[in-house]
Amino acid sequence: MATIRIQAEPFDAAAETAALAAGRGDVGATVAFTGFCRDEGGRLSALELEHYPGMAEAEIARIAAAAEVRWPLLGLTVIHRFGLIRPGEPIVLVLAASAHRQAAFEAAEFMMDYLKTSAPFWKREHLRDGTTGSWVEAKGSDDAATGRWA
Amino acid sequence: MKLVYFAWVRERIGRADENVDLPEGLVTVADLVRWLKTRGEEYEYAFENEAVVRAAIDHEHVKPEAPIAGAREIAFFPPMTGG
């Protein structure tokens, strides 16, 4: 059963990783992916993340359940933030634990690929000059990355 | 039925959600979109490229041909850009 949190607050990736392996002897590998907000060469002051409350949790739970069927995971944590996020701040954490590294690496990649293309979040740019920029467009390369798991 | 909108779909329509009484004869999500586009230019603008706008019924992604009977909440939104 995955741990899924949708929150405005920042998270502590190291503390989450430690929590996943604490007090158990069967975890041989954890893979932690953290996605950060970039400033796009100094152009952005922030990214604003809108989400669909209720569906965001439900969709991530469906993706996590698919990962748990596919790989022998001993733990899976997903934290996705919403609201205004500044460059250098974390946006998303995927943490996969398994007995061996391959399952943990692959499951983390699978989670991120599907998070990008099917979790209901939308990014909008806030520019350094104080104006609100455009909605970020979905990338075909993200769809291609997701397609490789089919 | 409750309709909810996100990101630029929400902005183009000018509201985040609404309750609508659907006319007889709407069977699929695509039928609903066609009907919404008759309700004003803000809807025409939001759905000007129907293939781009995604839909969900009761928090699950659906295709345009999905039936809407029994749905509590239908959402329309652009392709997702989270992660």
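The values are calculated or read from the model by the stated rules, or taken from the named source; none is laboratory data. Given the structure is predicted, the values throughout are model-derived calculations rather than measurements. Note that we place each Cβ from the backbone using ideal geometry, even for glycine, and neighbour counts take in every protein chain shown.
Output the residue which, of all residues in region B:67-78 that are within 12 Å of another protein chain (Cβ to nearest Cβ) and surrounded by fewer than 18 Cβ atoms within 10 Å (Cβ to Cβ), is farthest from residue B:17 (Cα to Cα).
So, considering only residues that are within 12 Å of another protein chain (Cβ to nearest Cβ) and surrounded by fewer than 18 Cβ atoms within 10 Å (Cβ to Cβ), the one farthest from residue B:17 (Cα to Cα) is B:72.
Counting only residues that are under 30 Å from residue A:141 (Cβ atoms) and among the aliphatic types (A, V, I, L, M), give me the helices (runs of 4 or more DSSP H) lying completely in region B:6-83 with at least 3 of them.
B:7-13, B:29-36
In region A:59-86, which residues are among the hydrophobic types (A, V, I, L, M, F, W, C), crowded, with 23+ Cβ neighbours inside 10 Å and not in a helix (DSSP H, G or I)?
A:76, A:78, A:79, listed by residue number.
Regarding residue A:93, is this residue at pLDDT 95 or above, more than 14 Å from every other protein chain (Cβ to nearest Cβ) and not in a helix (DSSP H, G or I)?
So residue A:93 fails the test.
Looking at the structure I just gave you, is residue B:64 surrounded by 15 or more Cβ atoms within 10 Å (Cβ to Cβ), within 30 Å of residue A:4 (Cα to Cα), modelled with pLDDT of 95 or more and away from chain A (no Cβ under 14 Å)?
yes
Among the listed residues A:68, A:106, which satisfies the condition of being more than 14 Å from chain B (Cβ to nearest Cβ), charged (D, E, K, R), touching a residue at least 40 places away in the same chain (Cβ under 8 Å) and within 22 Å of residue A:18 (Cα to Cα)?
Every option except A:68 fails the conditions.
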